[in-house]
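The values are calculated or read from the model by the stated rules, or taken from the named source; none is laboratory data. What you see is a predicted model; the values in this text were computed from it and never measured. A quick note on method: Cβ atoms are made from the backbone with ideal geometry, for glycine too, and the neighbour counts reach across all protein chains shown.
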Amino acid sequence: MLAIIGGSGLTQLSCLEIERREVVRTPYGEPSGTLAYGSIGRQQVVFLARHGHGHTIPPHRVNYRANIWALVKAAGADGIVSVASVGGMRDDLKPGALVVPHQIIDYTWGRLATFFDGGDAAVVHVDFTEPYDRSLRERLLRAGEMALLPLAGTAVYAATQGPRLESAAEIERLVRDGADIVGMTGMPEAVLARELKTPYAAVCVVANWAAGRGDSTSAIRFDQIEAVLHDSMGKVRRVIEQLCAATV
């Protein structure tokens, strides 16, 4: 069972032949929405819209623990692909580019970021040297090749708090820290999957130049973001289709 988490621009997966929907309750509250079960080709897939129906849940309010627990413990997913929109900070990562990041820097705060939250249970530490599963990343990159779509295979993802976008000075700081793309949902999603020992990787769509870069020098054009996402999410679906075809 492959789990796919859809972010901004991917609230539903048109290539998924839905067989049933399920409302799930978890020990950590309710996930963002119902789980949609179905298949892409012969691959069994469960889909969850990260921001809920109608894109109503902001990044800092997403119940990441409930989402990951529902996909792994309730649905039985043995791999998770996250789809997310990001801002580009590296010269070659212009709007419309597809990226499979290999590293994360976490700038979020106040989010419930672990299943091991004290109480009577022993403290548990997990290795996070490579935050994304190497094998799943390689499979995504091969799927991009099969779909004839170039995917950037290395990028450092900066996870910021949101929901506001960053200032130009903040983006300059992220660049100095070594980040290449910036988004708001990469953490704690990745570490929660690691705590449940589930392979996790991301496909990111560069929706716009980050603040102060490219054509976002003075302001970010939200109408342009919508157009980029509309076009690019179709490409993401093609990558997912190839990933599923290669998995079975």
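List of remarks:
- Checking each residue in segment 196-223 for being at pLDDT 95 or above and surrounded by fewer than 21 Cβ atoms within 10 Å (Cβ to Cβ) picks out L196, K197, T198, P199.
Okay, residues lined up against (1) touching a Gly at 6+ places or on another chain (Cβ under 8 Å); (2) not hydrophobic (A, V, I, L, M, F, W, C):
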{"site": "E19", "(1), (2)": "yes, yes"}
{"site": "T26", "(1), (2)": "no, yes"}
{"site": "G29", "(1), (2)": "no, yes"}
{"site": "P58", "(1), (2)": "yes, yes"}
{"site": "I68", "(1), (2)": "no, no"}
{"site": "L71", "(1), (2)": "no, no"}
{"site": "A74", "(1), (2)": "no, no"}
{"site": "G79", "(1), (2)": "no, yes"}
{"site": "S82", "(1), (2)": "yes, yes"}
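- Highlighted here are the strands (runs of 3 or more DSSP E) found entirely within segment 121-209 that include at least 2 residues which are over 30 Å from A75 (Cβ atoms) and touching a Ser or Thr at 6+ places or on another chain (Cβ under 7 Å): 200-209.
- For segment 26-55, the tally of residues that are farther than 16 Å from A70 by Cα and surrounded by 22 or more Cβ atoms within 10 Å (Cβ to Cβ) stands at 1.
- Test: residue in segment 224-231 that is assigned to a helix (DSSP H, G or I) and touching a Lys or Arg at 6+ places or on another chain (Cβ under 7 Å): no
- Odd one out for F222, checked against (1) over 17 Å from V46 (Cα atoms); (2) aromatic (F, W, Y); (3) touching a strand residue (DSSP E or B) at 6+ places or on another chain (Cβ under 8 Å): (3)
- Residue that is nearest to the chain's Cα centre (by Cα) [pool: residues in segment 59-88 that are closer than 13 Å to G6 by Cα, among the polar types (S, T, N, Q) and modelled with pLDDT of 95 or more]: S82
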